[in-house]
2 protein chains.
Amino acid sequence: MTIPFAGDTVDRAGERRTQPEWIEAAVASPEARGIVVGRSGVLLDGVAEAASDPWAPEQRTGSLGLARIEPGERAHVADPVAFLGVGADGAPLFALEAGDEDRLTDLRLAASVLSPEDAGLAAYAAALRNWHRSHRFCSRCGEPTRSGEAGHVRVCANGHQVHPRTDPVVIMLVVDNAADRVLLGRKADWPQRRYSALAGFVEPGETLEAAVAREVLEESGVTVTGTRYMASQPWPFPASLMLGFEADYAGGEARAADAELESVRWFSREELATAAGEGHDSPILLPPRLAIARHLIDGWLGARASQIKPRDR
Amino acid sequence: MTIPFAGDTVDRAGERRTQPEWIEAAVASPEARGIVVGRSGVLLDGVAEAASDPWAPEQRTGSLGLARIEPGERAHVADPVAFLGVGADGAPLFALEAGDEDRLTDLRLAASVLSPEDAGLAAYAAALRNWHRSHRFCSRCGEPTRSGEAGHVRVCANGHQVHPRTDPVVIMLVVDNAADRVLLGRKADWPQRRYSALAGFVEPGETLEAAVAREVLEESGVTVTGTRYMASQPWPFPASLMLGFEADYAGGEARAADAELESVRWFSREELATAAGEGHDSPILLPPRLAIARHLIDGWLGARASQIKPRDR
């Protein structure tokens, strides 16, 4: 099973970031291409209309609108956009700030029509772009920052450096093996009937396993054991890294325990299998296929309840 | 096996952060205690001298220098220090900025004498303290920020919020099962003869598995497969979260492939077992016991080479 935004076939060629002459030549070369990203999403190549229904089956018929980098655009390449790496065809790839937001497609929708590789590139470009836009000033001294290392660091006049920020988030399926059921919750502002896996940001000084236990207890009043890592997914909205886990139910009465969720309840294998098969006519809406939460649910549905184990990679 | 800094028995009581009256009462209560942290480390309770040799066997005889919060210190509690949670004894715990750096003990050394629980608390307090000190200005607009939610958010005059930053780092033991050996590297500025696991920051738009493969290839020229998550460890120097993996050697000639490391080579089971047993008289120095790299190495040494599997939690 493919996890959207996890495609990553670009060679990041990190050593080039500190070779300004190589970067300058790469930008100027006719092979250079830009992934065009903005506040609203990413530029697709003429199939923006197809990417309108997150419930549609996977189509994978779209492609990124890779832009040639015109001489007049080179200023945009320096800042706030960045060198992404070298594509499979040898082309140097850059993130380009969009001039026209109206032409962009929402990243989540784009992921439903792009190849995993292109969706991964789009996520990478969007994550870097979002970071540049939110770090124009130094958090240590308040001075303006400028982009360095081909877009992979920002530096202020006092020499303070900051690297791109990625926020680790744990997302977990709590499994009650004895009753063959899993725990899901819903936020009040989600589409009606939507349920998904519990999740939350990892806090300072916390292991992933402690974060899983804390978030499950906070959100559902339930304790867990046997926490096991399953998969990860970049989630550039704006800068998260989703870390997917399964954990075994240990005790407690499941309920919406804090203000985060409006409902938390157990779902049987039959309920979820029905929902997974029927899409948006189901009495329950599962998370869309692009979400790692759906990957966790589909993985549980595919496994025998008696022999759940970490995903074989 | 215990991973230092991973002890986490405090109830973070996150819902209290948005209850300023509860926080105010907690600070004023005679039960309130402060973990005193500064640039140089953490305040211990009179055993600072014992914590001087990272090679010494685990002693676990020290304790945190938990400070009463005097009325005059309350100003320090509001900003830049933070509510950590409620201890096992019911005492509200806060991070307190140290007035006297000279009394502090380096956090890594402290971890060798503290209980896992206290070392975890110290790491939590230090991570939050480091974040406050490096985020006094808004990275979006350059305005000064102030602490909110009892030290778990910073907000500027324009209403931009920023939450504590934690940088995910992958650290991995590359295992060559056929030859029963593992790949380690050393940085030029490390103590002589020290070797450790390869490691590097996760980049934007990257899965953990992709980050492991990229970093190993960049640093050693080697490709890997079968990446498996083992354990995680908060590493507040200043704000990392170490994500420990094993990965199987797939191909390539191991060498120091970039400027990051001065040497990369394979180590046999015998070499590592000798080094693990002899401490700093060994011809090779393994990472100290407080590092997750050592946990990965010891785990591999303890496992049968033919049946390596994720740590059973």
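The values are calculated or read from the model by the stated rules, or taken from the named source; none is laboratory data. Computed from a prediction, not measured in an experiment: that's the story for all the values here. Because the Cβ atoms are built from the backbone with ideal geometry, glycine has one as well, and the counts that use them run over all protein chains shown. Quick note on the areas: whole protein, heavy atoms, side chains included, nothing else; ligands and nucleic acids left out. Shrake-Rupley method; radii C 1.70, N 1.55, O 1.52, S 1.80 Å.
Selection of the stretch A:182-220 for residues being in contact with a Gly (Cβ under 9 Å, 6 or more places away or on another chain) and farther than 30 Å from residue B:123 by Cα yields A:195, A:196.
Could you tell me whether the stretch B:208-223 includes any residue that is assigned to a strand (DSSP E or B), within 14 Å of chain A (Cβ to nearest Cβ) and at pLDDT 95 or above? Within the stretch B:208-223 (the criterion being assigned to a strand (DSSP E or B), within 14 Å of chain A (Cβ to nearest Cβ) and at pLDDT 95 or above), the answer is yes, since at least one residue qualifies. Among the residues of the stretch A:127-179, the ones that are more than 12 Å from every other protein chain (Cβ to nearest Cβ), surrounded by 19 or more Cβ atoms within 10 Å (Cβ to Cβ), touching a Ser or Thr at 6+ places or on another chain (Cβ under 9 Å) and in a strand (DSSP E or B) come to 3 in all. The single residue among A:227, A:145 that is in contact with a strand residue (DSSP E or B) (Cβ under 9 Å, 6 or more places away or on another chain), of a type in the set (S, T, N, Q) and closer than 30 Å to residue A:275 by Cβ turns out to be A:227.
Scanning the stretch A:268-280 for residues that are open to solvent by 40 Å² or more (accessible area, probe 1.4 Å) and within 16 Å of residue A:193 (Cα to Cα) yields A:271, A:273, A:274, A:277, A:278, A:280. Taking residue A:265, is it more than 28 Å from residue B:205 (Cβ to Cβ), open to solvent by 30 Å² or more (accessible area, probe 1.4 Å) and not aromatic (Phe, Trp, Tyr)? So residue A:265 passes the test. Of A:198, A:241, A:183, A:208, which residue is open to solvent by less than 30 Å² (accessible area, probe 1.4 Å) and either farther than 30 Å from residue B:213 by Cα or without any contact (Cβ under 8 Å) to a residue 24 or more places away in the chain (or both)? After ruling out the rest, the residue left standing is A:183. Looking across the stretch A:281-295, the residues that are charged (D, E, K, R) and crowded, with 17+ Cβ neighbours inside 10 Å come down to A:289, A:294. Put simply, of A:249, A:229 the only residue that is part of a strand (DSSP E or B), away from chain B (no Cβ under 14 Å) and not acidic (Asp, Glu) is A:249. Taking the numbered list (1) at pLDDT 85 or above; (2) over 24 Å from residue B:28 (Cβ atoms) in turn, residue B:116 passes all entries but (1).
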